[in-house]
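This report refers to the structure that appears directly beneath it.
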Amino acid sequence: MINVIGLGYIGLPTALMMATHGIEVVGTDYNEDLVTTLNEGCTTFKEDGLDELFQDALNSGIKFSTEYQRTDTYIISVPTPYDKFSKKIDPCYVISAVKSVLNVAPKGATIVIESTVSPGTMEKFVRPAIEETGLVIGKDVNLVHAPERIIPGNMVYELLHNNRTIGADSQEIGKKIKDLYSSFCQGKIIVTDIKTAEMTKVVENTFRAVNIAFANELAKICRHDNMDVYEIIKICNMHPRVNILQPGPGVGGHCISVDPWFLVGDYPSLTKVIKEAMMVNDSMPDFVLNRIYEVAKEKGIKIDRIGLYGITYKENVDDIRESPTLQMLESQRKHLAIELKTYDPFVNYSISENQFFDFESFLQEIDLIVIMVKHNHIKEKYKTIKNKIIVDCHNIFPDKDVYHI
Ligand code: SAJ
């Protein structure tokens with residue numbers, strides 16, 4: 001039996017996937033409400049294919065509990081927040097989950113940590129937390145780091161098809177966990193050491209962050225001299241060795257906007273490119289805010305007639321963590337400005353002051369709409385907004401008369 005600890009964005013789909021591939025799974029979370037919701041037969045967030053997977057897993061006998069189980073393999077996927085000032089990771093949830101597991105684990109159990117951690121976290125925090133209980137790693141308990149890699153919006157597909165990395169202290173334990181993931185993962189599974197696994201995960205997200213920053217910087221240069229950044233990127237990308245990403249109103253989510261800071265926090269004098277890139281990405285909500293004011297002024301539109309479409313951190317997900325829209329509203333609050341109106345079809349609870357829950361009412365109250373998130377919903381609604389001034393932050397209406405960032 002596998003006990004998956006932490007039933008959030010990663011733990012839940014992972015537990016479900018294993019359950020639907022012949023493995024006995026108990027999912028544990030200390031959040032009673034969450035466990036109750038799952039036991040009542042409902043999922044806790046929206047994701048393509050998740051509800052179907054959930055039903056299949058229920059039929060396969062998956063169980064959910066607030067209790068840690070006594071078994072030989074644990075998968076921990078709990079959040080790893082970071083300190084906004086020092087930019088260092090806070091491993092408290094990982095440590096606490098490991099300690100709870102140790103209270104019930106039999107001798108020889110393996111603890112797999114899927115949560116993203118900064119390189120060295122296992123060495124500096126997790127191993128000492130285990131050792132202080134008197135247990136010997138490699139004998140009484142085994143430690144593995146198998147960082148998750150799935151992208152919100154396409155998680156179910158990527159769980160099945162992405163390649164994976166397993167970091168272990170020995171080939172034997174690495175192989176055991178590789179076999180476990182092979183039950184459902186059709187990608188290649190590489191076994192390496194723990195520190196390398198930690199580093200690869202953070203480097204992957206840093207690569208993407210730096211490349212998004214490059215696109216964002218190009219957008220700023222092009223705005224300054226009135227050039228079409230999308231046309232330029234399109235042409236450059238026809239070069240066989242160039243593949244520029246897309247500029248946007250900022251970078252959100254709990255991964256790309258966070259993980260690279262772990263490296264900056266740990267290696268401040270060695271991370272010049274990464275730090276600048278992160279600062280470029282972080283500057284985008286303010287850059288777009290200025291752009292909105294510029295367009296509103298040109299068109300004579302009052303601030304209270306401007307609406308931000310999209311609150312989530314990216315398209316077609318309901319996750320709002322570190323979202324560019326929320327970063328923008330936060331910046332407005334700092335300047336004591338009236339908050340812009342907002343609407344998001346994926347957010348049906350109150351998160352900002354002037355938020356609408358009905359698309360039609362939102363449209364009635366605004367003359368300028370800013371496409372902050374390219375949900376499919378808005379792509380299909382061009383007809384309903386074409387009489388508005390549109391600031392399209394994602395170039396989803398390339399042939400229409402709209403403003404860009
Ligand atoms: N974004 C841009 N321009 C782009 C691509 C993305 O501005 O060209 C923005 C998005 O709008 C969003 C942010 O970047 O605000 C991040 O979105 P994303 O789709 O690039 O990535 P995440 O954060 O949803 O998921 C990433 C993935 N990592 C990589 O692609 C290297 C995923 O595979 C990881 O599992 C996930 O982080 C994680 O959990 O670490």
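Lys195 - would you say it is basic (Lys, Arg) and either touching an Asp or Glu at 6+ places or on another chain (Cβ under 9 Å) or within 23 Å of Val117 (Cα to Cα) (or both)? Considered against the rule, which asks whether it is basic (Lys, Arg) and either touching an Asp or Glu at 6+ places or on another chain (Cβ under 9 Å) or within 23 Å of Val117 (Cα to Cα) (or both), Lys195 comes out as yes.
Of the helices (runs of 4 or more DSSP H) contained entirely in segment 1-78, those carrying at least 2 residues that are within 18 Å of Tyr181 (Cα to Cα) and in contact with a helix residue (DSSP H, G or I) (Cβ under 6 Å, 6 or more places away or on another chain) fall at 11-19, 50-59.
Of the residues making up segment 157-171, those that are within 13 Å of the ligand (Cβ to nearest atom) and surrounded by 15 or more Cβ atoms within 10 Å (Cβ to Cβ) number 5.
Hey, any hits in segment 146-155 for a residue that's away from the ligand (no atom under 12 Å from the Cβ) and within 26 Å of Phe45 (Cβ to Cβ)?
yes
State whether one or more residues within segment 311-326 are in the same structural domain as Lys383 (by TED's automatic domain parsing), touching a Pro at 6+ places or on another chain (Cβ under 7 Å) and among the β-branched types (Val, Ile, Thr). Yes, segment 311-326 contains a residue that is in the same structural domain as Lys383 (by TED's automatic domain parsing), touching a Pro at 6+ places or on another chain (Cβ under 7 Å) and among the β-branched types (Val, Ile, Thr). Within segment 268-286, the set of residues being within 12 Å of the ligand (Cβ to nearest atom) and either of a type in the set (S, T, N, Q) or outside the structural domain of Gln327 (by TED's automatic domain parsing) (or both) comprises Asn281 only. All but one of (1) touching a Gly at 6+ places or on another chain (Cβ under 6 Å); (2) of a type outside the set (Lys, Arg); (3) not in a helix (DSSP H, G or I) hold for Phe85, so report the exception by its number. Of the numbered conditions (1) touching a Gly at 6+ places or on another chain (Cβ under 6 Å); (2) of a type outside the set (Lys, Arg); (3) not in a helix (DSSP H, G or I), the odd one out for Phe85 is (1). Looking across segment 208-226, just one residue is surrounded by 13 or more Cβ atoms within 10 Å (Cβ to Cβ) and free of Cβ contacts under 8 Å to residues at least 12 places away in the same chain, and that is Cys222. For first residues located in segment 89-118 and part of a helix (DSSP H, G or I), partners that are polar (S, T, N, Q) and lie 6+ apart or on another chain with Cβ distances below 7 Å form the pairs Tyr93/Thr80; Val94/Thr80; Val94/Ser115; Leu102/Thr133; Val104/Gln69.
Residue check: is Thr121 buried (at least 22 other Cβ atoms within 10 Å of the Cβ) and of a type in the set (Ser, Thr, Tyr)? Yes. Please find, within segment 233-267, the residue that is surrounded by the most Cβ atoms within 10 Å (Cβ to Cβ) out of those that are closer than 12 Å to Phe214 by Cβ and more than 8 Å from the ligand (Cβ to nearest atom). Taking the candidates together, the pick is Ile233. Looking across segment 98-118, the residues that are within 21 Å of the chain's Cα centre (by Cα) and either surrounded by fewer than 19 Cβ atoms within 10 Å (Cβ to Cβ) or within 22 Å of Met1 (Cα to Cα) (or both) come down to Val112, Ile113, Glu114, Ser115. Note on segment 262-280: among residues that are in a helix (DSSP H, G or I) and touching a Pro at 6+ places or on another chain (Cβ under 9 Å), the one that is nearest to Ser331 (Cα to Cα) is Met278.
Which condition number in (1) within 12 Å of the ligand (Cβ to nearest atom); (2) among the polar types (S, T, N, Q); (3) under 29 Å from Ala19 (Cα atoms) is the one that Ser182 fails? Unmet for Ser182, out of (1) within 12 Å of the ligand (Cβ to nearest atom); (2) among the polar types (S, T, N, Q); (3) under 29 Å from Ala19 (Cα atoms): (1).
The values are calculated or read from the model by the stated rules, or taken from the named source; none is laboratory data. What you see is a predicted model, and the numbers here were worked out from it, not measured in a lab. Backbone-built Cβ (ideal geometry, glycine too); neighbour counts: all protein chains shown.
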